[in-house]
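S.K.: Right, I'll just put the structure down here and ask away after.
The values are calculated or read from the model by the stated rules, or taken from the named source; none is laboratory data. Just so it is clear, the structure is predicted and the values come from calculations on it, not from any experiment. In this analysis, Cβ positions are derived from the backbone assuming ideal geometry, glycine residues included, and neighbour counts consider all displayed protein chains.
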Amino acid sequence: MGNSRQHPGLVTRSALRPFFFDSLQEAVANQQVKADEATVFYLVNLLTDFSRSEKVFDYTQEGLTLRPLAELYGFAVEAASQSERKLILQRLGDVALFISGLFSGYFRRRLVDVDYYIAMGGSAYAYLYDTKGQNARERALATIFRQLSQQFVQFVDVLAEVGENAFGPSKHDILSLYALWAKTGSPRLEYKLRRLGINPHHSGPIH
């Protein structure tokens, strides 16, 4: 039976959330991964948020760049408070999971291996679980972080399947397209990204 879901490049951003939810549910079932409903919803939110380029890239003097995980970790170590440290490590874990799952081709052009991203992301989520607070929201998030940490590789595979369904065989080139658009601001590249369901947006001028 053919896939009846509409390609996200042809739908509005508001339709991405149900698309990703259906795709994640299907991938989890196909791969027989144990995933709590809360974890699935967390991943839906992650994919929806990261469909905007400024959520993946950081704005620097050089323009929009993918900040190295080691640099994020350094920021976490030097954080002025525990709450700030947790926010930085959550971003580290989210970026590591997103890039590992959807952009495995990225690592073929880098000295950093995907195993490094997996180790860093899993460790970040583990720290967030180990330092959970006592309020209901932190306890709920801690359960999600524990599952993401313990099954990080499985969720990388889940996101990889979602990426194949969403972006097709060219998904390995999307990050390169992102990076080139971030440097040039090319309307043609922006159009291509939007056709792939990505909504590029500059948070400042291009230098």
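S.K.: Taking region 128-148 on its own, how many of its residues are in a helix (DSSP H, G or I), in contact (Cβ under 8 Å) with a residue 40 or more places away in the chain and either more than 20 Å from residue 88 (Cα to Cα) or hydroxyl-bearing (Ser, Thr, Tyr) (or both)?
M.R.: 1
S.K.: Hey, can you tell me all the residues within region 94-142 that are of a type in the set (S, T, N, Q) and modelled with pLDDT under 95?
M.R.: 100, 104, 131, 134, 135
S.K.: Follow-up. Modelled with pLDDT under 95 and touching a helix residue (DSSP H, G or I) at 6+ places or on another chain (Cβ under 6 Å), is that true of residue 43?
M.R.: no
S.K.: Could you check region 70-97 and list, in sequence order, the residues that are under 19 Å from residue 47 (Cα atoms) and crowded, with 21+ Cβ neighbours inside 10 Å? Before you say what the answer is, go through the steps one by one.
M.R.: Taking region 70-97 first, the residues under 19 Å from residue 47 (Cα atoms) are 87-97.
Correct list: 89, 92, 93, 94, 95, 96, 97.
S.K.: Let me ask another. Could you grab me the full set of residues in region 46-66 that are touching a residue at least 12 places away in the same chain (Cβ under 8 Å) and in contact with a strand residue (DSSP E or B) (Cβ under 9 Å, 6 or more places away or on another chain)?
M.R.: If the condition is that a residue be touching a residue at least 12 places away in the same chain (Cβ under 8 Å) and in contact with a strand residue (DSSP E or B) (Cβ under 9 Å, 6 or more places away or on another chain), then 51, 52, 53, 54, 56, 57, 59, 64, 65, 66 are the ones that fit.
This table checks each residue for (1) touching a strand residue (DSSP E or B) at 6+ places or on another chain (Cβ under 8 Å); (2) surrounded by 18 or more Cβ atoms within 10 Å (Cβ to Cβ); (3) at pLDDT 65 or above.
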{"site": "165", "(1), (2), (3)": "no, yes, yes"}
{"site": "176", "(1), (2), (3)": "no, no, yes"}
{"site": "182", "(1), (2), (3)": "yes, yes, yes"}
{"site": "185", "(1), (2), (3)": "no, no, yes"}
{"site": "190", "(1), (2), (3)": "no, yes, yes"}
{"site": "193", "(1), (2), (3)": "yes, yes, yes"}
{"site": "197", "(1), (2), (3)": "no, yes, yes"}
{"site": "206", "(1), (2), (3)": "yes, no, no"}
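S.K.: Looking only at region 83-105, count how many residues are more than 14 Å from residue 122 (Cα to Cα) and polar (S, T, N, Q).
M.R.: 2
S.K.: In the set 60, 65, which member is under 26 Å from residue 20 (Cα atoms) and polar (S, T, N, Q)?
M.R.: Testing whether each residue is under 26 Å from residue 20 (Cα atoms) and polar (S, T, N, Q) leaves just 65.
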